[in-house]
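Beneath this line is the structure, given in structure tokens, with notes to follow.
The values are calculated or read from the model by the stated rules, or taken from the named source; none is laboratory data. Keep in mind it's a predicted model, so treat the numbers as computed, not measured. In this analysis, Cβ positions are derived from the backbone assuming ideal geometry, glycine residues included, and neighbour counts consider all displayed protein chains.
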Amino acid sequence: MKGLTATCVGAMAILLSTAALADGHLDELGPDGLLPLAQEEGTVVVYSFTSRIGRVEAAFEEAYPGIDLQGFDISSTEQIARLRAEAQAGVTNADVIYISDTPVVLTELLETGIIAPYVPPRVADRVPAEYQSPLLAQRLSTKVLMYNEDAHPDGAPVTNLWQLTTEDWRGRVVMVDPLQRGDYLDLMTEIVLRSDEMAAAYEVHFGQAIGLDGAANAGERFIVDLFANDLILVGSTDDVNVAVGAMGQDNPPVGFTSYSDRRDNADEGWALQVANGVEPAPGIIFPAVLALAAEPQNPAAARLVIDFLMVDETETGGPGLAPFYVAGDYVTRTDIPPHPDAVPLDAFRAWRIAPAKTAPLRAEVGDLILTLQ
Amino acid sequence: MADTAVSRQGRRVFFRQGTVLKVAVLVILIALIVLPLLRTVLFTLHPDTIQAWADVLSGRLSTNLFYKPLGNTLLIGVVVATGCVLLGGFLAWLVVMTDVPFRKTIGVMATLPFMIPSFAAALAWGALFRNDRVGGQVGWLQGMGLDIPDWLAWGMVPTLIVLTLHYFSLAFTIIAAALATVNSDLVEAAQIAGAKGRRILMGIILPVTTPALVAAGSLCFAGAVSNFATPALLGLPVRMQTLSTRLFGMIEVGQVGRGYVIGILLVLISAAFLWAGNRIVSGRRSYATITGKGGRAKRFDLRGARWPLFAIAMVILLASTVVPVAVLTASSLAPSSANLFSDWTLHYWIGQSNPSFAQGIPGIAYNQDIVRALTITLGLGLAVAFTGMFVGLLASYTTARYRAGWMSAAITQISFLPLLVPGIAFGAAYIAYLGAPIGPFPALYGTFALLVIAATAYLLPFSVQTGRAVIQQVGGELEESARITGAGFARRLAAITVPLAIRGLAAGGILIFVKIVRDLSLVVLLFTPTMPVLSVVAYRYASEGFAQFANAITVVILFISIAATLIASRLQTKSQPWLQN
């Protein structure tokens, strides 16, 4: 028994050390070089913040038979909590982390060495440098104000965010609880960071300068008023989409959700459309990043997945990118033409978040929201 | 230990008092129950996290973080406990004391709601009463053109109704058992003296059954305050938080310190109430009284009220058993919950992945995640049934055979401790306890072992209780004679106690199996994506808007639970004396 254990430990040590040695040169390999190694590993676990991982799974397994991609749809907030707990426990469940919530990811996961960056060699020259570091951004995602196009064929019923705090929209604004989903907390934080713009928009809408009414700044005042106006909190973006988008509603609410969820309009019977013109901005646009676990159990397959999610030589990025090549998601690769049905990125009025600025304020805004619930 | 090895005589003395056994059991219980709870408390006292106490108890966050959820929690506890005692007491009285028609049917049906997971009832409520507050899909009644107000669709009122309809069967079981033991002489004497039904009820039956009423009320209270699924599913859209949903939310967003503090406070609150209940009941801890009492008083003649009372009972029972099951089944087939009974499709059960349908999620029979979760859940149920009954038997054997001494008292007390701890707080404690490596032992986070260990510990009050009932049925004399002839402890247990008690043990194991298979609150935090269990998968589908999949999975859980429950109740009809004539 003892001998057996010793052999096992020895074998594991050898395996681990070869894996460690191999890791260095794995970074250089393209998909052809990774494939045989990945097939040997046979399986790969992906934590993904979007349910579209289901489609990636099917496409990946078709492209690379013999590798079982296990995709888990886990919200970014929960991924962070889980990855931290797993790291503390010394367990590595995930090989690939596909996540938003970059302000927290950078400080809690990257700086603590729980995850590691990886840029597939063949995209290195096709993604702008700002999206390659500190982590590789696959695309830019959004949380913006959306309305029901079916009920409002002439355009958005809202032109200024401050309208949402008025009687007309009482109980008719939907969003996910910012204490459950980090990207919504980022949205709230960005509103606080943009207090000057919020103050100016207030003046435009109400015709008078903003009184803070006890709030620290215009952004906080907006959040306080929004919650006081019977804001409806739900558990997931799909709940928001159904609430706002379902066709045939006489008086649908508006809500903050992902612009790209418009892609499901036809399938789900929704009429989601972005209120791009709203003052001062319809919401936020933020990177969705790809990373490796610090010590992935399937290092080659993990890299192959990230490669698959980034590229292909076809015009639209191929099957790995296809689920994300939709109106409302902005792919970071420069060689892929923007989606024809979406507002072009430079005309899209959402605020770009600066993760480093958001991070320190986030907890404070979270506490503010806690007092409002 | 050295002494025992040296002298044979010394060793005999040692064993006669059962000291070794007591120490072993005590060590197991401390490792399973005391240490995780202690670990949680210590964590919150760490300099980095001690601030969490102030955040929760005072300061600007405390109102929303603690006091408002506390108010909701207490309201739920008090109303649900009262409602359960009234409903359960009423049904128990009907079944045990009166000549109401179909008494046996009522008796069996009244035990079923507790076996239906409370999140299933909450989902069923949504399928019926959901209104357009959140927009999108509405429930069946709203779909029929009724205008369901917010207070009936979301928040406190539905939570109270759903929980009462869930926990009343617990109260029924306790009260019925107590009523069945009411001394028939008392009642007959009163009848001879010419006392009428009401007088007998108020003058004899109520006073005699007070301990059971209090026990039932406090157990329902403890269950209701720690329930997670129902307030989570029905409360969020109107921002209703209870301590258990707050605890879950805090841990989910990584504010672990605050979460643990809320968990500790939740434990203290339910402990305080159970302690108060126990004080009144003074030592009575039995869920089911097994007695062989003979003569039963003449049943109350309900006369003209027979059928009306039967109708009332059936309304309650149908609402708490048949309706949720029917609604869940229908809504796992109907693409739109507004039209529950039309356009049925089996897609959610056996459909292949189709990108244009439910975001390409295949029916549950073809969904690998769900099949995996089913396997793990069943495995977990079986494993916990075995480990639970093993530890439970060991603990109850020890306390039953070696009653004296502080260690036996400690074993009894500790084994009931988890009853005070809400499942979700227990899960949190176990993450803190075994989530990180302890000395040479590896971390168990995300492993099957962690689920088994935590569930075993969590259900110990039930396994010890069952174990005790079983042990007491097996007379001590048989064992005595075996010991005199020189049989060792393991031999006696294997050759005498276990074979004689096997039916009772199997029934107890099945009940534990059911409890863990339908449990959500304990596993919701222990869950990891690579170690999924059915109830959490269903909860996640429900909270992500895929109600049909959630309902289909829930129907599977229901089917397993009810089948197992019926088997168990066949095995232990003895414990339900009120069903016998």
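Counting just the residues of the range A:224-238 that are in a helix (DSSP H, G or I) and in contact with a helix residue (DSSP H, G or I) (Cβ under 6 Å, 6 or more places away or on another chain), which one comes out nearest to the other protein chains (Cβ to nearest Cβ)?
A:PHE227
Before we move on, is B:PRO355 at pLDDT below 75 and either within 14 Å of chain A (Cβ to nearest Cβ) or part of a helix (DSSP H, G or I) (or both)?
So B:PRO355 passes the test.
Go through the range A:152-171 and count every residue that is surrounded by 17 or more Cβ atoms within 10 Å (Cβ to Cβ), within 14 Å of another protein chain (Cβ to nearest Cβ) and either in a loop (DSSP other than H, G, I, E, B) or at pLDDT below 90 (or both).
Of the residues in the range A:152-171, 0 are surrounded by 17 or more Cβ atoms within 10 Å (Cβ to Cβ), within 14 Å of another protein chain (Cβ to nearest Cβ) and either in a loop (DSSP other than H, G, I, E, B) or at pLDDT below 90 (or both).
Condition first: more than 23 Å from the chain's Cα centre (by Cα), surrounded by 18 or more Cβ atoms within 10 Å (Cβ to Cβ) and within 12 Å of another protein chain (Cβ to nearest Cβ). Can you find one or more residues in the range A:210-221 that meet it?
Within the range A:210-221, not a single residue is more than 23 Å from the chain's Cα centre (by Cα), surrounded by 18 or more Cβ atoms within 10 Å (Cβ to Cβ) and within 12 Å of another protein chain (Cβ to nearest Cβ).
Taking B:THR40 as the residue in question, decide whether it is outside the structural domain of B:LEU236 (by TED's automatic domain parsing) and either in a helix (DSSP H, G or I) or touching a residue at least 24 places away in the same chain (Cβ under 8 Å) (or both).
In short, yes.
Has the range B:99-110 got at least one residue that is crowded, with 24+ Cβ neighbours inside 10 Å and in contact (Cβ under 8 Å) with a residue 60 or more places away in the chain?
Yes, the range B:99-110 contains at least one residue that is crowded, with 24+ Cβ neighbours inside 10 Å and in contact (Cβ under 8 Å) with a residue 60 or more places away in the chain.
Please go through the range A:315-370 and give me each residue that is among the polar types (S, T, N, Q) and in the same structural domain as A:ALA58 (by TED's automatic domain parsing), ordered by number.
Those that are among the polar types (S, T, N, Q) and in the same structural domain as A:ALA58 (by TED's automatic domain parsing): A:THR316, A:THR332, A:THR334.
Out of (1) at pLDDT below 90; (2) within 14 Å of chain B (Cβ to nearest Cβ), what's the single condition that is false for A:MET146?
Only one criterion is unmet by A:MET146, namely (1).
Take B:THR245 and tell me if it is at pLDDT 85 or above and more than 14 Å from chain A (Cβ to nearest Cβ).
no
So which of B:PHE172, B:PHE114 ends up being modelled with pLDDT under 85 and closer than 25 Å to B:LYS515 by Cβ?
B:PHE114
Looking at the range B:486-504, which of its residues are surrounded by 16 or more Cβ atoms within 10 Å (Cβ to Cβ) and either basic (Lys, Arg) or modelled with pLDDT of 80 or more (or both)?
If the condition is that a residue be surrounded by 16 or more Cβ atoms within 10 Å (Cβ to Cβ) and either basic (Lys, Arg) or modelled with pLDDT of 80 or more (or both), then B:ALA487, B:ARG492 are the ones that fit.
Go through (1) in contact with a Gly (Cβ under 9 Å, 6 or more places away or on another chain); (2) outside the structural domain of A:SER100 (by TED's automatic domain parsing) and name the single condition A:GLU279 misses.
All conditions are met except number (1).
So, in the range A:239-252, of the ones that are in contact with a Phe, Trp or Tyr (Cβ under 8 Å, 6 or more places away or on another chain) and either farther than 26 Å from A:MET198 by Cβ or not aliphatic (A, V, I, L, M) (or both), which residue ends up farthest from the other protein chains (Cβ to nearest Cβ)?
A:MET247
Does the range A:182-223 hold any residues that are of a type in the set (Val, Ile, Thr) and part of a helix (DSSP H, G or I), and which are they?
Answer for the range A:182-223, where residues must be of a type in the set (Val, Ile, Thr) and part of a helix (DSSP H, G or I): A:THR189, A:ILE191, A:VAL192, A:VAL204, A:ILE223.
Please enumerate the residues belonging to the range A:91-132 that are outside any loop (DSSP other than H, G, I, E, B), away from chain B (no Cβ under 14 Å) and either within 19 Å of the chain's Cα centre (by Cα) or crowded, with 18+ Cβ neighbours inside 10 Å (or both).
A:THR102, A:LEU106, A:LEU110, A:ILE115, A:ALA116, A:VAL123, A:GLU130, A:TYR131
Please tell me if B:PHE119 is among the aromatic types (Phe, Trp, Tyr) and buried (at least 21 other Cβ atoms within 10 Å of the Cβ).
The answer is yes for B:PHE119.
Is it the case that B:ALA428 is away from chain A (no Cβ under 14 Å) and in contact (Cβ under 8 Å) with a residue 12 or more places away in the chain?
no
Can you go through B:LEU179, B:LEU206 and tell me which one is under 28 Å from B:ILE269 (Cα atoms) and part of a helix (DSSP H, G or I)?
From the options B:LEU179, B:LEU206, the qualifying one is B:LEU206.
Can you name every residue in the range A:316-373 that is of a type in the set (Val, Ile, Thr) and outside any strand (DSSP E or B)?
If the condition is that a residue be of a type in the set (Val, Ile, Thr) and outside any strand (DSSP E or B), then A:THR316, A:VAL326, A:THR332, A:THR334, A:ILE336, A:VAL343, A:ILE353, A:THR358, A:VAL365, A:ILE369, A:THR371 are the ones that fit.
Taking into account only those residues within the range B:400-442 that are outside any helix (DSSP H, G or I) and aliphatic (A, V, I, L, M), which is surrounded by the most Cβ atoms within 10 Å (Cβ to Cβ)?
B:VAL421
Which condition number does A:GLN39 fail, the rest of (1) of a type in the set (S, T, N, Q); (2) more than 12 Å from chain B (Cβ to nearest Cβ); (3) surrounded by 19 or more Cβ atoms within 10 Å (Cβ to Cβ) being met?
(3)
Which is surrounded by fewer than 22 Cβ atoms within 10 Å (Cβ to Cβ) and aliphatic (A, V, I, L, M), of B:VAL470, B:VAL464, B:VAL452?
B:VAL452
Output the residues belonging to the range B:221-234 that are under 17 Å from B:ALA550 (Cβ atoms) and either of a type in the set (Gly, Ala, Ser) or touching a strand residue (DSSP E or B) at 6+ places or on another chain (Cβ under 6 Å) (or both).
The answer is B:ALA229, B:ALA232.
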